[in-house]
Protein chains: 2
Amino acid sequence: MKKAEATRLDILRKAFELIYVKGYQNTSIDDILARTQVTKGAFYYHFKNKDEMGIAIINELLKPSLANAFIEPFREAQDPVEAIYRMMHHLLMENAFMKVEHGCPASNLTQEMAPWHAGFSEVLGELTGQWEKVMIKCIEQGKKAGHIRAGVNARQVTLFVMSGYWGIRNFGKLENSKSVYRTYLKELRAYLLSLR
Amino acid sequence: MKKAEATRLDILRKAFELIYVKGYQNTSIDDILARTQVTKGAFYYHFKNKDEMGIAIINELLKPSLANAFIEPFREAQDPVEAIYRMMHHLLMENAFMKVEHGCPASNLTQEMAPWHAGFSEVLGELTGQWEKVMIKCIEQGKKAGHIRAGVNARQVTLFVMSGYWGIRNFGKLENSKSVYRTYLKELRAYLLSLR
DNA sequence: GTAAAAAAATACCCGGTAGTATCTTTTTAA
DNA sequence: TTAAAAAGATACTACCGGGTATTTTTTTAC
């Protein structure tokens, strides 16, 4: 039971790449088969149907690798201003996983699937939920440590920052250039400093 | 040449409603025919194909009505802080045109079409372009009038605000509740005041 | 080494969807 | 009033996409 696991993973990975670029609905099973050199029989041996594969991609690929990018930066962070800025900078400018022209895979999927597939929304909601939680915690600690004003509302700030991220990803896609990211980051910095 | 115009408009309007709720790709021509009580012959008399209809919807329905919501608030506005906040409040809380659970039609379409249809991106880009322009202008005037600090960068602020809007629309869809809008608006207010 | 189970290959089906071809009705302009 | 053009109706086609049924090959356990 080793080769089987390998092909399964291969399907997930290559399917993810296609979906990231073309969108979920616009990626056909046949596309995936062509890309993976796997036959239909093999595909349906590993997955009950397309949606099951989609959920597997989120759970087994997206969650782990994004959890790393979204959540890790807050481990042992002291100053929320720095932590949030660094995380965002990393997400937008350094993360090799995501390309400007294709946006953020989590955001893409949420947007695409939310209206008509509860299962997807649920798993994706967990992802943003985690992100929100760890960021709020960081801000609260920052308040206690005096890095930012006591009057700051952690949940509000978190939602505000998260919204900005999703939005700027959209602009990146539209303009297909990182220059909007740079502009955004400058103002994010100014905003975060206003929390001091 | 009167009735014809009416059916054309009827198709555009009803198709828009369907697309707003179900997404573009997930709305079939047959869906539109069922809804409008128009036959295929009539449909293809008015539109060369589905995409041409899509573009027409953006140009003839979306642009005018959104231009109104996005741009009108800035006419004869003095204080950018108030103008931006009011516009956002109106967009999120009062605008009857848009429903929380379905997000912002312009944002939805951009997200859905950007990866694979340049034509759509282009027209949608014009919309955001207009928005950006008028908002920048308002901020610049506000700086001169002393409503906000001279050090504020108008383009940065505009992009920051626009991103927030697109992002919070996404959250609204996910949570299907206006409460996130309220939270967002509170922090937006705080942010805008920091520009003074 | 062999039988049983796992993994993969092949061929097919069925429903949905965009688009066409052709015919019929309705408007319009003279 | 009537001929021509506009608008609309009907019946198809061709294709694509997800999914199934069945057979063949490969692994695994004994």
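The values are calculated or read from the model by the stated rules, or taken from the named source; none is laboratory data. Just so it is clear, the structure is predicted and the values come from calculations on it, not from any experiment. Heads up, the Cβs are rebuilt from the backbone with ideal geometry, glycines too, and the neighbour counts pull from every protein chain shown. Note: areas computed on protein heavy atoms with side chains; ligands, DNA, RNA excluded. Shrake-Rupley method; radii C 1.70, N 1.55, O 1.52, S 1.80 Å.
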With every protein chain kept in the model, how would you rank A:100, B:21 by accessible area, 1.4 Å probe, largest at the top?
-> B:21, A:100
Heavy atoms of residue A:97: accessible area, 1.4 Å probe, square angstrom to 10 = 80 Å²
Binned at 10 Å starting from 0, the alpha-carbon pair-distance distribution of the stretch A:127-183 in whole percents comes out as 22, 38, 30, 11, 0
Per residue of B:166-177, how many C-beta atoms from partner chains lie within 10 Å of its own C-beta, taken as a mean?
-> 6
Kindly report, to the nearest 10 Å², the accessible surface of residue A:89 as traced by a 1.4 Å probe over protein heavy atoms only.
-> 60 Å²
If we hang a label 7 Å off Cα along the beta carbon direction at residue B:13, how far is it from the matching labels on the other copies, in nm, shortest first?
-> 5.4
Please list the equivalent ellipsoid semi-axes of the stretch B:1-47, computed as the square roots of five times the alpha-carbon gyration tensor eigenvalues, in descending order and whole angstrom.
-> 19, 11, 8
When the charge dipole of the protein assembly as shown is computed with +1 on Lys and Arg Cβ and -1 on Asp and Glu Cβ about the Cα centre, the Cα farthest towards its positive end, among A:103, B:83, A:36, belongs to B:83
For the pair residue A:101 and residue A:122, the simple spin-label estimate (label points 7 Å beyond Cα toward Cβ) gives in nm 3.6 nm
When all protein chains stay in place, what accessible area (Å², nearest 10, 1.4 Å probe) is found for residue A:47?
-> 0 Å²
Under Stokes-Einstein, chain A at 25 °C and 0.890 mPa s, with its Kirkwood radius over C-alpha pairs, diffuses with a coefficient in µm²/s of 135 µm²/s
Considering the options B:114, B:139, B:124, tell which one lies farthest towards the positive end of the dipole of the stretch B:86-196, charges being +1 on Lys and Arg and -1 on Asp and Glu at the Cβ, about the Cα centre.
-> B:139
In this structure, the FRET efficiency calculated for residue A:2 and residue A:60 from their beta-carbon separation, with R0 = 25 Å, to the nearest 0.05, is 0.90
May I have the count of lysine pairs in the stretch B:62-193 with C-alpha atoms under 30 Å apart, counting pairs 8 or more residues apart or located on different chains?
-> 23
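Using Stokes-Einstein with the Kirkwood hydrodynamic radius over Cα pairs, what translational diffusion coefficient do you get for the stretch A:86-133 at 20 °C and a viscosity of 1.002 mPa s, in µm²/s rounded to a whole number?
Stokes-Einstein gives a translational diffusion coefficient of 181 µm²/s.
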Would you please classify the overall shape of the stretch A:2-111 from the alpha carbon gyration tensor, given that a ≥ b ≥ c denote the square roots of the eigenvalues, rounded means a/c under 1.5, and beyond that prolate means a/b larger than b/c while oblate covers the rest?
-> prolate
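Would you mind calculating the relative contact order of the stretch B:62-193 from Cα pairs under 8 angstrom and at least 6 residues apart, reporting the percent as a whole number?
36 percent
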Per the helix-only calculation at 222 nm, which mean residue ellipticity applies to chain B, given -39500 (n - 2.57) for every DSSP H run of n ≥ 4 and division by its residues, nearest 500 deg cm²/dmol?
-> -22000 deg cm²/dmol
So how strong a dipole does the protein assembly as shown carry about its Cα centre when Lys and Arg Cβ are +1 and Asp and Glu Cβ are -1, to the nearest 20 debye?
-> 600 debye
Relative to the first principal axis of the alpha-carbon coordinates of chain B, what is the inclination of helix B:118-144, with its axis defined by its Cα atoms, in degrees from 0 to 90 and to the nearest 10?
-> 20 degrees
Förster-model FRET efficiency, 22 Å R0, residue B:26 and residue A:9, C-beta, rounded to 0.05 | 0.15
Go from 0 up to the bin containing the longest alpha carbon distance in the protein assembly as shown, width 10 Å each, and give me the % of pairs per bin.
-> 5, 21, 30, 25, 13, 5, 1, 0
